[in-house]
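A short write-up of the structure that comes next.
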Amino acid sequence: MEQIFKQFIDTYKKVYNDEAEYKKRFDIFSKNYEFINNHNSELNASSFTVGINEFADLTKDEFESLYTPSIIKN
């Protein structure tokens, strides 16, 4: 998993401030990667697939707070 994460970092030019941030982002990335694999393995249950992108090291809450308009938020 660490090799996949390092490739993600290289691809999206990610920079983390310290080892604690690196570990936090690695843990989030790992959970998101597991979600992606689980979702895509159930192709008959969904009409779409998901994949790794530049947001794969963010939690759902972080993504929403950074990238969705405040009017949508409750």
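Just so you know, all these numbers are worked out from the coordinates, no wet-lab data involved. Predicted model, so just to flag it, every value in this text is computed and none were measured. Ideal geometry is used to build each Cβ from the backbone, glycine not excepted, and the neighbour counts take in all protein chains shown.
One table, with the values for the structure above:
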quantity: Cross-chain or 6+ apart pairs with Cβ under 6 Å, the range 5-29 first and closer than 12 Å to residue 52 by Cβ, then exposed (fewer than 12 other Cβ atoms within 10 Å of the Cβ); calculated: 12/54
quantity: Condition met for residue 16 (of a type in the set (Ser, Thr, Tyr) and surrounded by fewer than 11 Cβ atoms within 10 Å (Cβ to Cβ)); calculated: no
